[in-house]
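Below is one structure, written out as structure tokens; the observations come after it.
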Amino acid sequence: QISITGGGCGGGAGNPGGTGGTSIGGPNGSTGGAGGGGLRIIIAAGTITIGASGVVSANGGAGGTGGHLNGCGGGGSGGGRIIILSAGAYANSGTVQANGGAGGANGGANAPGGAGGAGAITQALIQT
């Protein structure tokens, strides 16, 4: 008699999140996180100031967790894009980030999913 037990792999992050894999004799992998990093655009005719507690983010979603012992984690989605344009000064003492989402945890024996790649941040002065 042969007994095979394996969990499904986690779904990759996306919009919508990828469906977790089907398993054989164990739990299915979980669905990946919803959405990629998206796009944030800030345009001002004057000065832009991001205070110490301010956060502008376009982070990717996490991958789904693998099911059971042999389920691998799903991949995270990539970070998004942030564009900050101002005619005046730009001051940032807070957080501006476009990080890739974390890879999903493994189900036990297999590897976790890979993290999503970093997004991009652009800041420029414009003429009014």
Rel. contact order, % - alpha carbon contacts under 8 angstrom, at least six apart, segment 38-107
46 percent
How do the peptides 42-51, 57-66, 90-99, 112-121 rank, highest first, by the average count of neighbouring beta carbon atoms within 10 Å per residue?
57-66, 112-121, 90-99, 42-51
Please give the length that would be gained between ALA45 and ALA89 if that part of the chain were fully extended, namely 0.36 nm times their separation in residues minus their C-alpha to C-alpha distance (nm, one decimal).
14.8 nm
Can you send over the solvent-accessible area of LEU125, 1.4 Å probe, protein chains only, in Å² to the nearest 10?
130 Å²
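The values are calculated or read from the model by the stated rules, or taken from the named source; none is laboratory data. From a predicted model like this one, the values you see are computed outputs, not experimental measurements. Here Cβ is always computed from backbone atoms with ideal geometry, including for glycine, and neighbour counts include all displayed protein chains. Areas reflect the complete protein model, heavy atoms only, side chains present, ligands, DNA and RNA absent. Shrake-Rupley method; radii C 1.70, N 1.55, O 1.52, S 1.80 Å.
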